[in-house]
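Since every read-out is calculated from the coordinates, none of them should be taken as a lab result. Keep in mind that what you see is a predicted model, and the values were worked out from it rather than measured. Don't worry about glycine lacking a Cβ; one is built from the backbone with ideal geometry, like all the others, and counts go over all protein chains shown.
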Amino acid sequence: MKKVYLIGTGTNGTGSLTADAAKAIEDSELIVGATRMLEPYGDSGKELVNEYNPERTAEAIRNSKAQTASVLFSGDTGFFSGAKKLLPLLDDMETVVLPGVSSFAAFCAKCGFSYENMKFISLHGNDANIALEVHMNRYCFFLLDNNNTVSSVCLRLLKYGDGFPGLRVYAGSELGYENEKIVSGSIPDLIGYRSEPLTVMITDNPDYLKYIPSAIPDDRFIRNKIPMTKAEVRSCAVASLNIPHDGICWDIGCGTGSVSVEMAYRCPQGTVYSFDKNEDAIVLTWDNTRRFFCDNVKVLFGNCPECLEEKPVPDAVFIGGSTGKLSDIVSLVYRKNDKANITATAVSVETLAEATDAFRKAGRECSITQIAVTRMKKVGSYTMPDAMNPVWIISGGKKCSE
């Protein structure tokens, strides 16, 4: 049986290797890694394979006559590393994982940060939810690439909420090498900064949000004349959906986007798709999601259910407006995801009947709750009750046959 070491080389190759890793490389007949990883071993006399694709790496090890191999990964094997994909491909071999000094450990040490409460975000080849994560976490650590640079991330942060005026940014390039460069400043300071491909970044937001917003006061939203799901109803409806942290949500008939915003806070690693056929509602939802730092909301114009067919499979769906197509929407959602949570609201008896009939046709039981909210208001020197219209909240449940 072949023996394979999966080795985290740290931030600068041989200079940051652990003693265990150095010995494993010395004992190996074959070394596999990217060009930068292999450079120190050019004169070692060992078999070198320039490869970082997991499948081709596993194939190279199998095809080699070497009985002991080392696969080199930059940083740490447990931090956004290719080791995760390679390990299952070597299940017929003896594998030993040797961790290295990660880029976040090295950079935090240089900047004087501890990292037990840091949010880690990789922007290697993907477009994560940046503004919302920075808004909800004191410290965020970013792995950047050629497209997601220090400047582009700062530009994006500037477009949301208040632009994070108290936020401090730290960026480090080529950590551990002779050309290492570390800079810091406010968001405006680093717009236009030209960072190298091997760059990491930390945001320090002392004004971060320390709770998950629920029942956000109505007057905090831009509304105009578009109908809005009121705070108390909105809170109950969103709570009923049990939204996963990385979930896909649909807000159908998004109106002002108030439900989309509260959904977004519950899935900071996911995405909310907000739909409306009213152009004014689309503009309002876009403005409100920017106001609340929700860059994980995608606002889409169109008629439902026609525009839903090609959208990502939802985990949670709120239906605030359906223009008589509630049954078709419910049917489509369950066809795409049999386990999706669906909640609809109704202010009229007719819409209540339509909703219960939609769940019945889909073969689902449903729970119905009526909320009658009375707020207090000042009338001269008196405090008087101000009752709002009752609202029904209808949520789909288990299959009728269960």
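Tell me whether the range 218-399 comes out rounded, prolate or oblate; compute the Cα gyration tensor, take square roots of the eigenvalues as a ≥ b ≥ c, and use a/c under 1.5 as the rounded threshold.
Oblate is the answer for the range 218-399, as a/c is 1.5 or above yet b/c matches or exceeds a/b.
Select from 97, 1, 25 the residue farthest towards the positive end of the dipole of the range 1-130; place +1 on Cβ of Lys and Arg, -1 on Cβ of Asp and Glu, and compute about the Cα centre.
Of the listed residues, the answer is 97.
Please give every one of the lysines within straight-line cross-link reach of residue 225, meaning a C-alpha to C-alpha distance under 28 Å, and leave out same-chain neighbours fewer than 8 residues apart.
Those lysines meeting the cut-off are 159, 277, 298, 325, 377, 378.
Taking 8 Å as the Cα distance limit and 6 or more residues as the minimum spacing, I'd like the relative contact order of the chain as a percentage. Don't jump to the answer; show the numbers that get you there.
Numbers: 837 pairs, mean separation 42.8, N = 402.
Averaging sequence separation for qualifying contacts and normalising by length gives 11 percent for the chain.
Run through the DSSP bridge list for the chain and note the antiparallel percent, rounded to the nearest 5.
On the way: 34 of 74 bridges.
Of those bridges, close to 45 percent are antiparallel.
Long-range amide H contacts for residue 317: which residues qualify at under 5 Å (H placed 1.01 Å from N, peptide plane, sequence gap of 5 or more or a different chain)?
The list, which skips near neighbours in sequence, is 250, 341, 342, 343.
I'm spelling it out carefully: the read-out is Rg/Rh (Cα atoms, Kirkwood Rh), the candidates are (1) 1.24; (2) 1.09; (3) 0.99, and one was derived from this structure. Which label?
Answer by label: (2).
Taking the alpha-carbon centroid of each part, what is the distance from the range 24-100 to the range 239-282 in angstrom?
43
Nearest 20 debye, what's the magnitude of the dipole of the chain about its Cα centre given +1 on Lys and Arg Cβ and -1 on Asp and Glu Cβ?
Details: 42 positive and 49 negative charges, 239 e Å.
Around 1140 debye, computed over the chain.
May I ask you to order 297-306, 110-119, 273-282 by the average number of other C-beta atoms within 10 Å around their residues, highest value first? Write out the running numbers ahead of the final one.
Values: 297-306: 17.1, 110-119: 12.7, 273-282: 20.4.
With the highest mean Cβ count within 10 Å placed first, the list reads 273-282, 297-306, 110-119.
What is the range 81-195's relative contact order, in percent, from Cα pairs under 8 angstrom and six or more apart in sequence?
Numbers: 112 pairs, mean separation 23.3, N = 115.
20 percent.
Taking a label point 7 Å from the Cα of residue 323 along the Cα→Cβ vector, which residues of the range 265-292 have an amide N closer than 19 Å to it?
273-286
Would you count, across the range 30-152, every pair of lysines whose alpha carbons are under 27 angstrom apart, provided the pair is eight or more residues apart or spans two chains? Mind showing how you got there, number by number?
Numbers: 46/65; 46/84; 46/85; 65/84; 65/85; 84/119; 85/119; 110/119.
Within the range 30-152, the lysine pair count is 8.
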